[in-house]
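Okay, so here's the structure we're looking at.
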Amino acid sequence: MLHLIDILLQSINLSTIWCLVFVSEFTLTYHPFFFFVAMESKQGTKHTILMVSDFFYPNFGGVENHIYLLSQCLIKLGHKVIVMTHAYSNRTGVRYMTNGLKVYYVPWKPFLMQNTLPTFFPTLPIIRTILIREKITLIHGHQAFSTLCHEALMHARTMNYKVVFTDHSLYGFADIGSIHMNKILQFTLADVTQAICVSHTSKENTVLRSGLPPEKVFVIPNAVDTTMFKPASERVVMDVIVIVVISRLVYRKGADLLVEVIPEICRLYPNVRFVIGGDGPKRVRLEEMREKHFLQDRVDMLGAVPHAKVRSVLNSGHIFLNSSLTEAFCIAILEAASCGLLTVSTCVGGVPEVLPDDMIVLAKPDPSDMVNAIKKAIKILPTIDPQEMHLRIKGMYSWQDVAKRTEIVYNRALNSSNQSLLERLSRYLTCGAWAGKLFCLVMIVDYILWRLLQMWQPDTEVEVVPDIKISRTNHVTEVHPSM
């Protein structure tokens with residue numbers, strides 16, 4: 001197989017490639033649309049951004065909230081933001097959200113864990129159409145294990161768009177799944193314009209996994225909507241201490257640790273109750289633990305909690321418990337702290353970077369150490385002022401600040417120089433002895449398919465969507481037809 005790929009790469013006439021590169025660069029230089037994009041970026045005007053990920057509403061999670069809230073703040077800064085994700089159940093086609101945020105639910109169904117089936121080339125036509133119709137100037141992909149994100153970034157680079165990638169997770173280096181994902185990430189980031197990580201630990205992890213130059217990677221932490229997550233007007237009485245857990249009940253989130261920690265804490269402190277919100281395959285183990293130790297009246301299992309009700313659950317407690325085994329940042333800790341809860345968390349990944357030492361008690365991912373951390377938290381709980389903690393979080397984190405910092409990354413990406421096809425292929429060759437050649441072959445095929453699409457349906461024949469301006473009352477005020 002490797003021999004055949006080598007022969008194919010060698011058999012491609014160098015003059016043919018140079019011809020394709022010349023045509024590509026000529027189009028990028030003289031095509032009216034790309035000239036307009038270049039002029040806009042140089043003049044510092046507003047951008048039209050396409051957010052791409054398999055993870056978006058109506059699904060709930062940290063990535064989904066990040067994309068939505070970042071998009072809303074970018075819109076307030078004057079940018080136009082479009083979101084592209086896969087179809088959810090009967091939700092397909094185009095939908096509009098708050099402040100005119102437009103969402104394309106493309107007709108692909110999730111294959112595994114909300115990810116679409118990897119198809120490489122069949123997604124090219126629809127992605128190309130969206131990029132042209134919406135006059136996109138930059139593509140921003142989210143999450144390393146989003147198939148749609150990887151394919152969109154690949155096609156966008158083929159069409160010479162600038163791309164930015166945000167990594168929200170940490171991965172290892174030893175297991176089969178991590179090895180496979182790291183090689184895919186290396187392929188995607190080999191030609192990415194800029195990258196963003198949510199913590200310094202995440203940046204180190206991404207650089208090591210992908211081989212991306214550190215100077216291309218920016219650290220922009222997540223944030224929290226402090227207008228939504230705020231303490232109750234009256235503090236919950238301390239007669240019964242309530243420890244809140246809101247998490248997906250899976251192995252990675254440390255559900256097995258909870259099975260051992262909760263009975264011990266209930267034995268040591270008769271006035272402690274647990275409220276567990278979330279669902280997942282490990283929920284059965286927690287319910288078995290509750291029945292085995294006769295804790296039905298002290299451990300409440302709420303199941304999946306809608307994001308709109310998370311604040312009310314947090315405000316019913318005093319301590320927030322996070323037992324994750326790996327975490328790049330953990331927005332849930334910010335939400336709990338913004339509601340005035342003292343946090344107890346495992347000291348993993350980027351968690352130590354999230355809060356000051358006086359707002360969080362860290363522990364090793366070990367049951368006995370977590371029990372000691374909860375004991376320490378219960379001891380210092382009377383000194384915690386929820387309102388003061390909320391004000392501190394409000395001063396440290398805001399989505400407006402995240403949007404402004406992301407805007408700087410966008411400007412840097414758009415001001416970077418364009419590269420020829422040969423320069424881009426040379427990057428893929430560095431991805432491995434056999435993987436590099438395979439990646440080059442994929443990109444050459446993608447480039448040829450893009451050129452064939454342009455011949456079959458030129459860019460000028462794709463109908464451009466008119467710009468719609470929405471007032472603060474969410475009513476359409478102006479419709480500007482495309483020129």
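The values are calculated or read from the model by the stated rules, or taken from the named source; none is laboratory data. Just so it is clear, the structure is predicted and the values come from calculations on it, not from any experiment. Virtual Cβ from ideal backbone geometry, glycine too; neighbours counted across all protein chains shown. SASA here: full protein model, heavy atoms, side chains in, ligands and nucleic acids out. Shrake-Rupley method; radii C 1.70, N 1.55, O 1.52, S 1.80 Å.
Couple of notes before you dig in:
- Criterion applied to Pro213, Pro221 was being open to solvent by 20 Å² or more (accessible area, probe 1.4 Å) and within 20 Å of Ser420 (Cα to Cα), and the one residue passing it is Pro213.
- Here Thr383 meets the list (1) over 25 Å from the mean Cα position of the chain (by Cα); (2) touching a residue at least 24 places away in the same chain (Cβ under 8 Å); (3) open to solvent by 80 Å² or more (accessible area, probe 1.4 Å) almost entirely, failing just condition (2).
- Subset tally (residues that are in contact with a strand residue (DSSP E or B) (Cβ under 8 Å, 6 or more places away or on another chain) and either without any contact (Cβ under 8 Å) to a residue 12 or more places away in the chain or farther than 14 Å from Phe320 by Cα (or both)) for the stretch 266-277: 3
- Conditions (1) crowded, with 23+ Cβ neighbours inside 10 Å; (2) touching an Asp or Glu at 6+ places or on another chain (Cβ under 6 Å); number of the one not met by Gln114: (1)
- Residue within the stretch 102-110 that is part of a strand (DSSP E or B), open to solvent by less than 10 Å² (accessible area, probe 1.4 Å) and more than 23 Å from Ile196 (Cα to Cα) present: yes
- Pairing each residue of the stretch 404-433 that is within 20 Å of Ser210 (Cβ to Cβ) and without any contact (Cβ under 8 Å) to a residue 40 or more places away in the chain with any residue that is open to solvent by less than 90 Å² (accessible area, probe 1.4 Å) and among the small types (Gly, Ala, Ser), provided the two are 6+ apart or on different chains, yields C-beta distances under 7 Å for Leu429/Gly436.
- Summed over the stretch 226-250, the residues that are in contact (Cβ under 8 Å) with a residue 60 or more places away in the chain and among the small types (Gly, Ala, Ser) give a count of 2.
- Candidate set: the stretch 179-210, residues that are under 25 Å from Asn415 (Cβ atoms) and touching a His at 6+ places or on another chain (Cβ under 7 Å); chosen: the one surrounded by the most Cβ atoms within 10 Å (Cβ to Cβ): Val198
- Qualifying position, being under 24 Å from Phe120 (Cβ atoms), open to solvent by 30 Å² or more (accessible area, probe 1.4 Å) and either modelled with pLDDT of 90 or more or not hydrophobic (A, V, I, L, M, F, W, C) (or both), among Leu452, Leu422, Leu391: Leu452
- In this structure, Arg133 does satisfy being surrounded by fewer than 20 Cβ atoms within 10 Å (Cβ to Cβ) and either under 24 Å from Tyr447 (Cβ atoms) or in contact with a Cys (Cβ under 7 Å, 6 or more places away or on another chain) (or both).
- Here the strands (runs of 3 or more DSSP E) wholly within the stretch 279-376 that include at least 1 residues being open to solvent by 60 Å² or more (accessible area, probe 1.4 Å) are 299-303, 360-363.
- Lone qualifier among Thr98, Thr119, Thr123, Thr147 - being out of contact with any Pro (no Cβ under 8 Å at 6 or more places or on another chain), touching a residue at least 60 places away in the same chain (Cβ under 8 Å) and not aromatic (Phe, Trp, Tyr): Thr98
- Conditions (1) more than 20 Å from Asp369 (Cβ to Cβ); (2) surrounded by fewer than 16 Cβ atoms within 10 Å (Cβ to Cβ); (3) among the basic types (Lys, Arg); number of the one not met by Arg267: (1)
- Test set (1) assigned to a loop (DSSP other than H, G, I, E, B); (2) touching a helix residue (DSSP H, G or I) at 6+ places or on another chain (Cβ under 6 Å) - Arg248 fails condition number: (2)
- Scanning the stretch 115-130 for residues that are out of contact with any strand residue (DSSP E or B) (no Cβ under 7 Å at 6 or more places or on another chain) and not in a loop (DSSP other than H, G, I, E, B) yields Asn115, Leu124, Pro125, Ile127, Arg128, Thr129.
- Residue check, Leu258 within 29 Å of Ala144 (Cα to Cα) and either touching an Asp or Glu at 6+ places or on another chain (Cβ under 6 Å) or open to solvent by less than 70 Å² (accessible area, probe 1.4 Å) (or both): yes
- Counting only residues that are in a strand (DSSP E or B) and surrounded by fewer than 18 Cβ atoms within 10 Å (Cβ to Cβ), the stretch 65-101 holds 6 of them.
- Among the residues listed as Lys469, Lys404, the single one being modelled with pLDDT under 90, open to solvent by 40 Å² or more (accessible area, probe 1.4 Å) and among the basic types (Lys, Arg): Lys469
- Positions within the stretch 434-447 being free of Cβ contacts under 8 Å to residues at least 24 places away in the same chain and open to solvent by 60 Å² or more (accessible area, probe 1.4 Å), in sequence order: none
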